[in-house]
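To keep things clear, I will list the structure first and then write my remarks on it.
Bear in mind that the values in this text are calculations on the coordinates, not laboratory data. Note that the structure is predicted; figures quoted are calculated from it, not measured. Every residue, glycine as well, gets a Cβ built from its backbone with ideal geometry; the counts of neighbours run over all protein chains shown.
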Amino acid sequence: MTTTAFVPERSATKFWLFAGIGILVIVFAWCWYGLAQLEAETDQGKALTAGTTMDGFALTFGGIPLIMAHVIGLAILMPLGWQRWRLPGLAYGLIAVVAASIIGIGAGQLLFGGELFEVGLQRYYSE
């Protein structure tokens with residue numbers, strides 16, 4: 001027996017292992033995004049008093065890590081899916097990241113009382 005005979009099985013195991021870990025990472029990333037939005041919102045009053053603003057804080061500390069978590073998830077799962085299932089494996093990798101993101105959005109909504117997309121500086125600029 002050669003070790004190449006076990007590559008598809010190992011690829012599938014690695015795929016599902018990283019998909020499971022990815023759910024935790026993406027949930028954390030969505031919650032971190034919400035915390036960055038909340039931080040920008042709560043410190044905006046102090047920033048305006050000091051003659052500055054919190055614009056860009058949430059994107060830098062919340063949005064970019066969220067995007068990077070998704071990109072890294074795709075970069076890990078799509079090659080593993082390709083090794084095991086070829087073309088359908090690419091779709092499985094994409095579906096796994098999208099599913100993890102949906103779960104992450106749900107967790108973020110629970111954490112922020114259904115206002116994950118409502119927290120942030122837009123509250124300062126709405127009427």
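What's the FRET efficiency of Arg86 with Phe117 using the Cβ-Cβ distance as r and R₀ = 30 Å, to the nearest 0.05?
Working: r = 37 Å, r/R0 = 1.23.
The value I calculate is 0.20.
Based only on the alpha carbon positions, what is the Kirkwood hydrodynamic radius of region 1-95, in angstrom?
Numbers: mean 1/r = 0.0648 Å⁻¹.
The answer is 15.4 Å.
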Fill in the blank from the handout: Charge dipole of the chain built from unit charges on the beta carbon (Lys, Arg +1; Asp, Glu -1), centred at mean Cα; most positive-end Cα among Ala107, Thr42, Leu24 is Leu24
